[in-house]
1. Tell me yes or no: at least one residue of the range 305-321 is among the small types (Gly, Ala, Ser), at pLDDT 85 or above, farther than 25 Å from Met76 by Cα and surrounded by 21 or more Cβ atoms within 10 Å (Cβ to Cβ).
2. Check whether at least one residue in the range 364-375 is under 20 Å from Cys253 (Cβ atoms) and either surrounded by 14 or more Cβ atoms within 10 Å (Cβ to Cβ) or more than 23 Å from the chain's Cα centre (by Cα) (or both), and report yes or no.
3. Scan the range 194-229 for residues that are more than 15 Å from the chain's Cα centre (by Cα), assigned to a helix (DSSP H, G or I) and of a type outside the set (Lys, Arg) and report the count.
4. So which of Ala279, Ala310, Ala302 is among the small types (Gly, Ala, Ser), closer than 27 Å to Leu84 by Cβ and either part of a helix (DSSP H, G or I) or out of contact with any Leu (no Cβ under 9 Å at 6 or more places or on another chain) (or both)?
5. Within the range 287-303, does at least one residue satisfy the condition of being under 30 Å from Leu69 (Cα atoms) and at pLDDT below 85?
6. Based on this model, can you work out whether Tyr270 counts as among the hydroxyl-bearing types (Ser, Thr, Tyr), crowded, with 18+ Cβ neighbours inside 10 Å, farther than 30 Å from Thr213 by Cα and touching a residue at least 40 places away in the same chain (Cβ under 8 Å)?
7. Would you mind telling me which numbered condition in (1) out of contact with any Cys (no Cβ under 9 Å at 6 or more places or on another chain); (2) in contact (Cβ under 8 Å) with a residue 12 or more places away in the chain; (3) assigned to a helix (DSSP H, G or I); (4) surrounded by fewer than 20 Cβ atoms within 10 Å (Cβ to Cβ) Leu337 fails?
Amino acid sequence: MADDESAALDETSADGAPDPLAAGEDELAASAPTYGDPGAPFDRRSPFFFGFVAALGALIAYWLFQALLGISSVLMLVLVAFFLAAGLNPSVEFLERRGLRRSLAVTVVIIAALGTVALFVVAIVPVITDQIAAITSNAPMWLDQLQENQRIQALNREYDVIDKIKAFVTDGDFVSTLFGGALGFGLKVISALFNLFVVVVLTLYFLASLKTTTGAIYKLAPASRRDRVAALGDKVIHNIGGYVSGAFVVALCAGLTSLVFLWFTEVREYAVALAFVVAVLDVIPMIGATIGAVVVTSIAFATDVKSGIACLIFYIVYQQVENYVIYPRVMSKSVDLPGAVIVIAALVGASLLGVIGALLAIPVAAAILLVIREVVVRRQDLR
């Protein structure tokens with residue numbers, strides 16, 4: 001009875017007149033065909049429903065995983081471009097503190113960076129190419145000298161190692177053979193140039209709109225935590241930029257020091273190429289400097305024993321100076337990580353993404369450690 005009275009009250013307006021909306025609904029319900037009373041809703045706890053939804057979720061997750069694998073190369077280019085932009089950002093901020101607008105500061109930094117690369121290509125690459133050709137032509141002679149060792153002779157007689165290496169090096173098409181023939185080599189070159197172009201363009205976009213991009217990302221955080229998220233995010237980007245800039249400074253020191261040293265040895269005609277190899281490999285954390293030292297020392301030993309011994313002593317001393325003096329001073333304001341964390345991060349990054357992973361692993365580890373220290377640990381301290 002009470003329900004009938006409440007329904008009647010609902011169908012009347014505040015002034016006692018019938019509600020036209022309720023009357024229209026009643027007429028629509030009366031004119032609609034009757035298909036029977038609706039059944040009970042589907043039981044979401046049913047095993048069939050759970051299995052169907054779980055299978056559908058697994059298929060979507062697998063599809064997303066395959067999609068990420070398909071665009072992994074593009075994501076890698078984006079990641080490299082972002083890290084390069086973060087590395088150039090300290091220079092832009094330095095010019096901004098000197099009174100330049102950000103757009104003008106970005107233009108100056110970009111022109112300086114591209115000019116440096118162009119100067120390197122025009123002035124250094126031909127010298128490196130000539131010296132690599134000289135190393136290739138002299139490699140058979142070094143192998144002959146290496147073959148005078150009795151143990152090496154025994155290995156060569158059994159496995160024919162030296163002869164195979166000599167034939168491989170002296171073959172004029174060995175570079176193209178590495179990439180699957182002339183067509184494969186040409187495609188690799190085109191792909192490398194295209195990737196370089198994409199990285200340069202993305203770096204310019206990231207550098208020009210870094211504050212806008214990060215500001216848009218920070219707005220996704222709740223308003224109550226947005227300031228803290230922005231502060232942590234800016235600190236992470238600052239650390240990444242400091243690490244990238246510092247890594248190139250350390251590599252430049254290694255390359256220039258090697259160039260000066262090698263100029264006074266018997267391998268002076270290959271000094272520029274070998275110093276370039278040392279600088280490039282020194283960018284790789286932990287093992288890059290050692291690999292470069294082994295390459296240069298091996299060539300020096302094959303050329304002249306005294307030069308080989310001098311290179312061995314020089315690189316042992318230099319690596320100690322780099323590890324305990326240069327690297328800590330350069331990286332002290334950007335990356336503060338224990339040695340064990342650096343080694344683990346470099347190994348994990350190299351196993352996942354190769355050389356690029358090893359390069360990016362340390363700043364990523366520093367960012368994760370910063371978040372853990374400022375968020376997780378602080379929250380635990382408040383409990």
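The values are calculated or read from the model by the stated rules, or taken from the named source; none is laboratory data. In this text the structure is predicted, and so the values were computed from the model without any measurement. Here Cβ is always computed from backbone atoms with ideal geometry, including for glycine, and neighbour counts include all displayed protein chains.
1. No, the range 305-321 has no match at all.
2. Within the range 364-375, none of the residues are under 20 Å from Cys253 (Cβ atoms) and either surrounded by 14 or more Cβ atoms within 10 Å (Cβ to Cβ) or more than 23 Å from the chain's Cα centre (by Cα) (or both).
3. Counting residues in the range 194-229 that are more than 15 Å from the chain's Cα centre (by Cα), assigned to a helix (DSSP H, G or I) and of a type outside the set (Lys, Arg) gives 17.
4. Step by step, each of Ala279, Ala310, Ala302 is checked, and only Ala279 is among the small types (Gly, Ala, Ser), closer than 27 Å to Leu84 by Cβ and either part of a helix (DSSP H, G or I) or out of contact with any Leu (no Cβ under 9 Å at 6 or more places or on another chain) (or both).
5. Yes, the range 287-303 has at least one match.
6. yes
7. All conditions are met except number (3).
Here is a yes/no grid of residues against (1) closer than 21 Å to Phe197 by Cα; (2) among the small types (Gly, Ala, Ser):
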site	(1), (2)
Val78	yes, no
Phe83	yes, no
Pro90	no, no
Phe94	no, no
Arg98	no, no
Leu104	no, no
Thr107	yes, no
Ile111	yes, no
Ala118	yes, yes
